[in-house]
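Enquirer: I'd like to ask you about the structure that follows.
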Amino acid sequence: MLPGYQNFDNLEMYLKRREALYRHVGLVPLLCRNRRILEFGPGAGFNSVFTACLGPSYYELVEGDHASLETLSQLMSEYSKSNTEYKIIEGLIENHFSEGTFDLVICEATIPMQENPEAILKKVSQFVAPGGILLITVCDEMSYLPEILRRLVANTIAHSSDSFEEKAASLLPYFGPHLETIEEMSRPHKHYIIDNYLQPLAGRRLFGMGQAIELLHGEFDFYACSPHFSVDWRWYKEIYEDSGRYNDLALDNYYSNLHNLMDYRIDHRIGSKDSNRSALKFAGEVYNMVVEMEDLGPNNSLIEPVLDDVLKISGMLPECAELSARSLLDFIRAYKQISRGNKDIEWGQFSSFYGHSQQFVTFLRRV
Ligand SMILES: C[S@@+](CC[C@H](N)C(=O)[O-])C[C@H]1O[C@@H](n2cnc3c(N)ncnc32)[C@H](O)[C@@H]1O
């Protein structure tokens, strides 16, 4: 299936969802109409359709995957407005050159899972005009923890000699009931399992909001994010000092909300920045060990430290995230049942434990 596949049978619902996303990140239609927009990694362009419908004056799309280009061209020719000149370029982000800068630069679902996400973000950010907007997605090890733990289960259960299809079929009885708990899940479960638990991650790195803010700090200010959790209670007249301190405030909001990013079910209250930073560190260790086991196969010298880190994270979560803490304990118990060869696993709260694995963030380039 092509990257970012969307079913346009219900175009109205698709457009409403994208509009809600753009609104969350501060992109009202007027900021796109008659503007110059550059998008990196549009895939087959399913998400670019909404941007095209907003009628930019010029829309440049840079995609490295040849197989995606045909659908991308079809969608752009079908949905672009008459005032829009668009250009599709087959090429790598790393090598891209454009004449001039852009009012809006988009890089969705493309920076995390690169070998060098910092270099890609730096490159992408260079094309934003002063006063322009950068829209990216980020994903850290806390928001991805529920999926990385399922990856460990997949790696333990599936036979390494099987094809992706066969592995996905053997995992379906375990993960199908988990996926059924997500109301908005529209993708076939087998595709979801292949993309999220079977595609190898070796050499690929996550890249979270904290890292993005720190990397862009010298030239950009945090603007908004989806989920829309960053709040600013300052009196507007106090903001002029220190370049507005938008980035510091966004970092504070991010670290006090990390536990909320890990579990989409919980009541969103802020927690302790220090505990969440430690939990993020342990989640990073879990990510690295699980990825290491993709090549080696499950191995007791790593399984124990993984379960130990999961236990530590569970103990660090604030009271409001009690459901997430319980889910992590349920995971440890379920994993022990799997490693004893049980087929009938009691997943407990873990079965509906999913994070906000990807967040959207916008930044404004300082003038
Ligand atoms: C996960 S897809 C996301 C597609 C689309 N942005 C979306 O949100 O549905 C990532 C896309 O980025 C492209 N991509 C990843 N790294 C790239 C690079 N270094 N240069 C050009 N394209 C790249 C991939 O080919 C793929 O189409």
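Enquirer: How about region 325-353: which of its residues are touching a residue at least 60 places away in the same chain (Cβ under 8 Å), in contact with a Lys or Arg (Cβ under 8 Å, 6 or more places away or on another chain) and surrounded by fewer than 21 Cβ atoms within 10 Å (Cβ to Cβ)?
Expert: S352
Enquirer: Of E90, E94, which residue is over 30 Å from R277 (Cα atoms), near the ligand (Cβ under 10 Å from one of its atoms) and touching a His at 6+ places or on another chain (Cβ under 8 Å)?
Expert: None of the other options fit; the residue is E90.
Enquirer: Kindly indicate the residue of region 120-149 that is of a type in the set (V, I, T) and within 14 Å of the ligand (Cβ to nearest atom) and also surrounded by the fewest Cβ atoms within 10 Å (Cβ to Cβ) among those meeting that condition.
Expert: My answer is T137.
Enquirer: In region 89-146, how many are of a type in the set (S, T, Y) and either in contact with a Ser or Thr (Cβ under 7 Å, 6 or more places away or on another chain) or farther than 21 Å from I213 by Cβ (or both)?
Expert: Residues meeting the conditions: 4.
Enquirer: Exactly one of these conditions fails for L38: (1) within 12 Å of the ligand (Cβ to nearest atom); (2) in contact (Cβ under 8 Å) with a residue 40 or more places away in the chain. Give me its number.
Expert: Every condition holds for L38 apart from (1).
Enquirer: Kindly list the number of the only condition in (1) within 22 Å of N260 (Cβ to Cβ); (2) surrounded by fewer than 13 Cβ atoms within 10 Å (Cβ to Cβ); (3) not charged (D, E, K, R) that fails for L179.
Expert: Looking at each condition in turn, L179 falls short on (2).
Residue by residue, here is whether (1) under 25 Å from F220 (Cβ atoms); (2) under 19 Å from the mean Cα position of the chain (by Cα); (3) assigned to a loop (DSSP other than H, G, I, E, B) holds:
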| site | (1), (2), (3) |
| --- | --- |
| L251 | yes, yes, no |
| S256 | yes, yes, no |
| I270 | yes, no, yes |
| S275 | no, no, no |
| A283 | no, yes, no |
| L307 | no, no, no |
| K312 | no, no, no |
| S327 | no, no, no |
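Enquirer: Give, as residue ranges, the strands (runs of 3 or more DSSP E) completely inside region 41-123 that count at least 2 residues that are touching an Asp or Glu at 6+ places or on another chain (Cβ under 8 Å) and among the charged types (D, E, K, R).
Expert: By residue number, 58-63, 85-90.
Enquirer: Residue check: is Y246 outside any helix (DSSP H, G or I), of a type in the set (S, T, Y) and crowded, with 17+ Cβ neighbours inside 10 Å?
Expert: Judged against the criteria, Y246 is not a match.
Enquirer: Next up: Suppose we keep only residues that are over 24 Å from F360 (Cβ atoms) and within 16 Å of the ligand (Cβ to nearest atom) within region 65-87. Which one would you say is surrounded by the most Cβ atoms within 10 Å (Cβ to Cβ)?
Expert: Selected residue: L69.
Enquirer: Is it the case, given these coordinates, that S48 is among the hydroxyl-bearing types (S, T, Y), within 10 Å of the ligand (Cβ to nearest atom), closer than 28 Å to N196 by Cα and modelled with pLDDT of 95 or more?
Expert: For S48, the condition - among the hydroxyl-bearing types (S, T, Y), within 10 Å of the ligand (Cβ to nearest atom), closer than 28 Å to N196 by Cα and modelled with pLDDT of 95 or more - is met.
Enquirer: Out of region 224-282, which residues are hydrophobic (A, V, I, L, M, F, W, C), more than 21 Å from V25 (Cα to Cα) and touching a residue at least 12 places away in the same chain (Cβ under 8 Å)?
Expert: Scanning region 224-282 gives I266, A279, L280, F282.
The values are calculated or read from the model by the stated rules, or taken from the named source; none is laboratory data. Values in this document were obtained by computation on a predicted structure and should not be read as measured data. Don't worry about glycine lacking a Cβ; one is built from the backbone with ideal geometry, like all the others, and counts go over all protein chains shown.
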